[in-house]
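Remarks on the structure that follows.
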Amino acid sequence: MSTITTVLVTGATGSVGRHVVDRLLARGVTVRALTRAPARARLPEAVEVFAGDLTRPDTVRPAVEGADGLYLFPVPETVEEIVRIAEKAGVRRVAVLSSLTAGDEVQANATKDHHRAVERAVEAGGFEWTHVRPGEFAGNVLWRWGPAIRAEGVARAPYGESRRVPVHEDDIAAVAVAALLEDGHAGKAYEITGPQVLTQLDQLRIISEVTGRELGFVELTHEQARELMSPHVPADLLEGVLGYMRESVGADLKVHADTVERVTGRPARTFAEWVADHADAFRPAS
C-alpha cells in the first residue's frame, strides 16, 4: 500500500480546489496550497499556503519540494516543466483536473487539446497518475447567471434548450482525493457527470423551485453570449464552449454519474442539491 502524506494542491482557491483542500485535511494529510494571492486565499489555518503560479514554474519549486502527492490544475503552456519539477521533488501520485472532452476520440477542439496536452505530459512522467475528467461544473451558473438573478430575477444565456449534465464540484474533489490517497486508481481516467441531463431552462426552473423565486429567461444570440462570457472563459476556449452549447440542443448526452459512486461509495449529487448548497447566491442581497 502506497501512503501519501503530503499533497500540494494547485488551483487551491478554485471551485474544485477548495473542496480538494477540505477533503484532504479531513483525511489527516498535510496540505500545501499554491495560490497567486495568499493574502486573499482564505484557506483553513492548517494549510501551508505558498505564493506561486503554474505559469511561472520556478515559483512552484518551494511548494512541491518534499510533497509526495499533487493535485494538478491544467495549464498546458508550462506543464512539461512542472512535471520535471514534481518528479525531481519526489512526487509519486498526481491527480489531474481534466475535462470530459479529453476522452472524446472523434471530435477535435481547443478544449480537448488543452486538457490532453496536460494529461500526456503527466503520463510521460514517472508518476502514478489519475485523470479526473468532469463535465460541466454546476457552479458555472454562478458566474453566468448569479449577478443577474440576484439583481433582476432574470437569467441570460444562448441556446436555452442546450443540454448539460452538471456535476457538483465537491463530487469531482471526492474522486480526486480518492485517487490521491487510495490504491487502485493509477492509470485510470475517470469521466464524471451529475446524474441528470438538464436543459438550461431546466436548470433555471430548479433554481426557481429551490430558492422560491419566480425567475425569467432571456435568450442571447451567439455574439451577445460571446461578449458576456469573454471575461470568464479563456479566449482560446470560448468559441469551443459556445459551439458545444449550440450542438447540444436536443443531443443525446451520456451520463457518467456512476463514476462517483464507484470511486467514493456514495451517489453523485443532483443539481437541486447543488443549488440548495448555494441558494443564497441566487437571492437578493439583504
Self-check item: Around residue 273: net Lys/Arg minus Asp/Glu count, Cβ-Cβ under 14 Å
Solution: -3
Self-check item: Rg to Rh quotient for the stretch 87-237, alpha carbon positions, Kirkwood Rh
Solution: 1.04
Quiz item: What is the Cα convex hull volume of the stretch 164-211 when expressed per residue in Å³?
Solution: 79 Å³
Self-check item: Charge context of residue 188, other residues only, Cβ under 13 angstrom, K/R +1, D/E -1
Solution: -3
Quiz item: For the stretch 1-151, what number results from the quotient of the Cα radius of gyration and 2.2 N^0.38 Å?
Solution: 1.07
Quiz prompt | Contact order normalised by residue count of the chain, Cα under 8 Å, 6+ apart, percent | solution = 18 percent
Quiz item: Where both partners of a DSSP beta bridge lie in the chain, what percent of those bridges are antiparallel, to the nearest 5?
Solution: 10 percent
Exercise. Specify, per residue and in Å³, the volume enclosed by the convex hull of the alpha carbon atoms belonging to the stretch 133-200.
Key: 96 Å³
Practice problem: Select from the stretch 43-101 those GluC sites (Glu not before Pro) which occupy a DSSP coil region and have at most 13 other Cβ atoms within 10 Å, ordered by residue number. | Solution: 45, 77
Exercise. Kindly rank 260-272, 199-211 from highest to lowest mean number of other beta carbons found within 10 Å of each residue.
Key: 199-211, 260-272
Quiz item: Hey, what number do you get for the chain at 222 nm if only DSSP H runs of n ≥ 4 count, each worth -39500 (n - 2.57), divided across all residues, to the nearest 500?
Solution: -11500 deg cm²/dmol
Exercise. Assign one of three labels to the stretch 1-70, namely rounded, prolate or oblate, based on the Cα gyration tensor with a ≥ b ≥ c the square roots of its eigenvalues; rounded applies when a/c is under 1.5, prolate when it is not and a/b is larger than b/c, and oblate otherwise.
Key: oblate
Quiz item: How much length is gained if the chain between residue 45 and residue 280 is pulled fully straight, taking 0.36 nm per residue apart and subtracting their Cα-Cα distance, in nm to one decimal?
Solution: 82.1 nm
Quiz prompt | Between the stretch 143-174 and the stretch 72-97, the Cα center-to-center distance that results, in Å | solution = 31 Å
Quiz prompt | Per-bin percent of Cα-Cα distances, the chain [10 Å] | solution = 6, 28, 35, 23, 8, 0
Quiz item: Which net charge results for the neighbourhood of residue 130, defined as the other residues with beta-carbon distances under 9 angstrom from its beta-carbon, given Lys and Arg at +1 and Asp and Glu at -1?
Solution: +1
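Quick note: the coordinates plus some simple rules give every number you see, no bench work behind them. Since the structure is predicted, the reported quantities are computational estimates derived from the model, not experimental observations. Every residue, glycine as well, gets a Cβ built from its backbone with ideal geometry; the counts of neighbours run over all protein chains shown.
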